[in-house]
Each structure stands twice: as structure tokens, then as C-alpha cells.
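The values are calculated or read from the model by the stated rules, or taken from the named source; none is laboratory data. Please read all numbers here as calculations on a predicted model, not as lab measurements. Glycine gets a Cβ as well: all are built from the backbone with ideal geometry, and neighbour counts include every protein chain shown. These area figures cover heavy atoms from the full protein model, side chains too; ligands, DNA and RNA do not enter into them. Shrake-Rupley method; radii C 1.70, N 1.55, O 1.52, S 1.80 Å.
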Amino acid sequence: MVGISPYARISLAFAFTALLPLGSQAQEAFQTFRQMDTTAKMPKLNAFIAPGTAPQGSKLHEVALEAKLTANGDAVQDGLSWYVFSPMTGSDGKLPLIASSQGGSADFQLAPGDYFVNVSFGRAGVTRKLTVPEEGKVDKQTMVLEAGGLLLNAVSGSDVRIRPDQLSFSIYSAEVREDGERGLVMADVPPNTVVRLNAGTYHIVSEYGDTNASIRADIQVEAGKLTEATIQHKAAQITFKLVSDAGGEAIADTAWSILTAAGDSVGESVSAFPTMVLAEGEYSAVARNKDKIYQRDFKVEAGKNTDVEVLMKDVQPEAPTEAAKTVQVQPDQQPPAGDTSSPTQAPLPSYDQLQSGTGDDAD
């Protein structure tokens with residue numbers, strides 16, 4: 001599996017659908033699904049020119065701009081955001097915005113000089129330096145985004161579909177920074193959402209529910225292609241009930257604690273029948289009702305959603321009320337009749353007793 005980190009291979013399976021070339025079909029595919037637009041909010045005008053940015057009396061030149069996903073691809077017709085900045089820092093320490101445009105290709109009227117032109121397509125973007133001469137025409141500027149699309153989904157077990165409201169994805173950069181963290185590209189991405197990204201490898205975190213069902217993997221996004229990845233979660237949805245008899249009604253006012261086999265708490269709830277998504281493994285369900293505590297061990301299997309009933313007869317064993325007592329038997333004491341065990345040897349003197357001389361008669 002290309003692009004999957006080694007530690008994710010054990011618990012993860014991907015189904016990569018055929019990669020679509022980003023021509024007219026890909027444009028339609030991008031528009032079919034909800035698009036996460038995370039670019040800065042700018043005036044939604046065809047071509048916005050900031051007033052006062054052109055010198056008085058200067059001759060303006062028409063500058064035509066277009067963007068492609070790959071060098072050999074067609075010009076993108078929609079979903080682009082164009083920004084033209086001055087290279088000279090303003091009084092606020094930022095580069096002044098000269099012009100912007102939303103949609104497909106853009107046309108600007110710019111005075112002679114140097115500029116930075118940025119175009120973004122979702123989370124994909126590229127910046128180029130542009131020089132407008134004093135005289136002559138400016139050739140059409142074609143900017144290559146080297147971008148692709150990523151569509152994420154997940155199943156539980158081999159093929160059990162997961163409700164979209166129970167799934168969430170986060171996209172991180174593949175590189176680990178000096179502080180040991182990865183750069184967040186986009187958080188809380190719903191399934192069935194086309195995310196436009198620069199070509200490269202991304203670290204994906206898939207969250208199923210809000211307990212402990214989490215999967216990580218690295219996925220490669222190729223320029224000019226739509227990559228569809230389906231992540232396989234090894235988890236299941238479990239509903240808990242405290243009942244007086246098997247199959248009975250759930251008892252209200254019950255507090256729940258779900259523990260791993262190692263005794264770590266992974267979830268708590270106060271409900272008659274709470275539902276949790278748990279990763280595959282062994283657990284203990286602890287139910288507290290009034291002054292009683294009930295407990296049952298259970299196992300979660302990937303893709304097998306089920307109910308776990310805790311019976312009121314499954315009372316949690318109580319700990320001893322008194323600490324254990326140690327009784328020492330002196331050498332001259334004989335064990336009770338019938339006791340064949342060896343007599344207990346007298347304890348050796350302590351270090352302090354040896355130092356003070358009280359242990360001289362010890363063997």
C-alpha cells in the first residue's frame with residue numbers, strides 16, 4: 001500500500017478507488033461533493049482593485065491570469081481565488097493587497113512595477129513574482145498549481161458503513177517539525193468531501209466516535225488526480241444496559257465507567273443505555289446504581305455492533321475491610337496438633353539491633 005506508514009499497516013486497510021484525471025470529469029467531480037473552502041474571505045468580485053494603489057497618471061496594463069492543475073491540463077474554470085500584493089511592506093508590517101478576484105481566470109489592470117501574485121484552489125496554492133513593464137503588452141500568465149483532490153471515507157470491520165456524523169478526519173503535513181508535531185492542514189473534515197491539496201504526502205487521522213477509535217495513515221495526493229481513500233476502522237458501536245434479568249428493561253439513574261483490560265478508563269456516562277464506539281479489544285463495564293456497583297467483562301470485535309447487558313446479580317467483589325495480619329511463632333512454640341508444617345523461624349535482628357548489641361545472642 002503506497003503511502004501508508006508502517007505502524008498503520010497492522011490496523012488499517014485502504015480501498016483506493018480509480019484515480020480520475022482532473023479534466024472536465026474531475027471538475028464535475030469536484031463540484032459534486034461539498035467543498036471545504038478555507039481560503040481567506042475576500043470581496044466576491046470578479047476583479048477588485050484597491051483604490052489608490054496605482055500612481056497618479058500612470059499607464060495601466062491589462063494582465064490576464066489563468067491557473068492549471070498540471071502543466072498539460074486545462075485551465076481551471078471555477079473555485080480559484082486570486083490575490084495581487086505589493087512587494088513593499090506596509091506600515092502594519094504586511095504586504096498591501098493590490099487586487100483580488102474570485103472564480104476562474106482573472107484580468108487585472110496594473111500599473112508598471114513588481115508584484116506577488118497568489119492563486120489558491122481550496123488548500124492548494126502557488127505564488128509567483130510578476131513584473132509589469134513600462135511599455136508593451138504583458139503575456140498571459142499561466143500558473144501551475146500541481147494540485148489534486150482527496151476524498152476520505154471509512155468503514156467499520158470489513159464493510160460496515162459508518163454514519164457520516166460519527167466520522168471526522170484531520171489532515172496534517174507528513175513532515176514532523178522540530179517540536180515533534182505535524183503542521184495541521186485542515187481539521188474536522190467530514191466524509192465524502194473533496195479537499196483540494198497540493199501534490200504530496202499527507203498524514204491522515206480518522207476519528208470514529210469520540211472515545212478511542214482512531215486510525216492514522218499517510219496518503220499520497222497526485223497532481224491532476226482525485227484520490228479516494230476508504231479507511232477501515234477496527235472498532236464497533238456498543239450499547240450498555242443495566243438490567244435485573246437478561247433482556248429486561250434498562251435501569252435508569254445508572255453511572256457507567258468503561259475500562260480497558262489494563263484498568264484504564266476510556267469512557268464514562270450517566271444514562272440508562274449509553275452508546276460508545278470502542279476500538280477492538282477487551283474491556284470491563286462498571287455500572288453504579290444507588291449504593292451498588294456491578295461489573296461485567298466483554299469483548300469488542302471489529303464491525304460487530306452489539307448490546308452489553310450487565311445483570312444486577314453481577315455485583316462487583318468487595319475489597320477486604322481489614323488488612324491482613326502477620327502472626328510470628330517463636331521457636332519454642334509448637335504448632336497445633338495435626339499441623340505438619342515447619343515451625344516459623346525467629347526473625348533475624350535488625351541493623352539497629354546489631355549496632356546496639358541487642359542481637360548478640362542471635363544465631
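Taking only the stretch 72-97 into account, find how many residues are in contact with an Asp or Glu (Cβ under 7 Å, 6 or more places away or on another chain) and open to solvent by 30 Å² or more (accessible area, probe 1.4 Å). Within the stretch 72-97, residues that are in contact with an Asp or Glu (Cβ under 7 Å, 6 or more places away or on another chain) and open to solvent by 30 Å² or more (accessible area, probe 1.4 Å) number 1.
Collect the residues in the stretch 139-170 that are farther than 30 Å from ALA279 by Cβ and out of contact with any Asp or Glu (no Cβ under 8 Å at 6 or more places or on another chain), keeping them in residue-number order. Even if it seems obvious, please write down each step before you answer.
If we filter the stretch 139-170 for residues that are farther than 30 Å from ALA279 by Cβ, which is where we start, we get 139-148.
Hits for the stretch 139-170 are ASP139, VAL144, LEU145, GLU146, ALA147.
Is it the case that some residue within the stretch 44-61 is part of a strand (DSSP E or B), touching a Lys or Arg at 6+ places or on another chain (Cβ under 6 Å) and either in the same structural domain as VAL132 (by the TED database) or at pLDDT 95 or above (or both)? Looking through the stretch 44-61, none of the residues is part of a strand (DSSP E or B), touching a Lys or Arg at 6+ places or on another chain (Cβ under 6 Å) and either in the same structural domain as VAL132 (by the TED database) or at pLDDT 95 or above (or both). A count restricted to the stretch 155-179 and to residues that are open to solvent by less than 90 Å² (accessible area, probe 1.4 Å) and free of Cβ contacts under 8 Å to residues at least 60 places away in the same chain stands at 10. Got a number for residues in the stretch 127-154 being more than 30 Å from ASN72 (Cα to Cα) and either outside the structural domain of VAL189 (by the TED database) or surrounded by fewer than 19 Cβ atoms within 10 Å (Cβ to Cβ) (or both)? Number of matching residues: 2.
Quick check: anything in the stretch 235-250 open to solvent by 10 Å² or more (accessible area, probe 1.4 Å) and either more than 29 Å from LEU311 (Cβ to Cβ) or within 17 Å of the chain's Cα centre (by Cα) (or both)? No - not one qualifying residue is present in the stretch 235-250. Taking the stretch 180-213 as the range and being part of a loop (DSSP other than H, G, I, E, B) and free of Cβ contacts under 8 Å to residues at least 12 places away in the same chain as the test, the residues that pass are GLY180, GLU181.
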